[in-house]
1. If every alpha-carbon in the chain counts as one equal scatterer, what log10 I(q)/I(0) does Debye give at q = 0.33 1/Å?
2. At 222 nm, what value in deg cm²/dmol follows for the chain if DSSP H runs of at least 4 each add -39500 (n - 2.57) and the sum is divided by all its residues, to the nearest 500?
3. With a 10 Å radius around each residue's Cβ, average the other Cβ atoms per peptide and rank 18-31, 1-14, highest first.
4. Give the angle, between 0 and 90 degrees and rounded to the nearest 10, that separates the Cα long axis of helix 33-45 from the longest principal axis of the Cα atoms of the chain.
Amino acid sequence: MIDRMHQLPVIKQAKVLGISRSCLSYQPTPISEKDQRFMTRIVQLH
C-alpha cells in the first residue's frame, strides 16, 4: 500500500488512503512462546 520509494511523500500517501501516519510506524512486538501457550489454554478453558 505505502511505497516509501514513490515520489509522492508518505504523508500524502497515507492521507489519500485515509489512514493515520502513526499506523505506518507501528511495529508489533512478537508474543513469547510461554504467553502464546497461556493464551491458548485460556481459550480452551473458556
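1. -1.15
2. Helices in the chain give a 222 nm mean residue ellipticity of -15000 deg cm²/dmol.
3. Ranked by mean Cβ neighbours within 10 Å, highest first: 1-14, 18-31.
4. Helix 33-45 and the main axis of the chain meet at about 70 degrees.
Only the coordinates and a few stated rules stand behind these numbers; no lab work does. In this text, all values refer to a predicted model and were calculated from it rather than measured experimentally. Note that we place each Cβ from the backbone using ideal geometry, even for glycine, and neighbour counts take in every protein chain shown.
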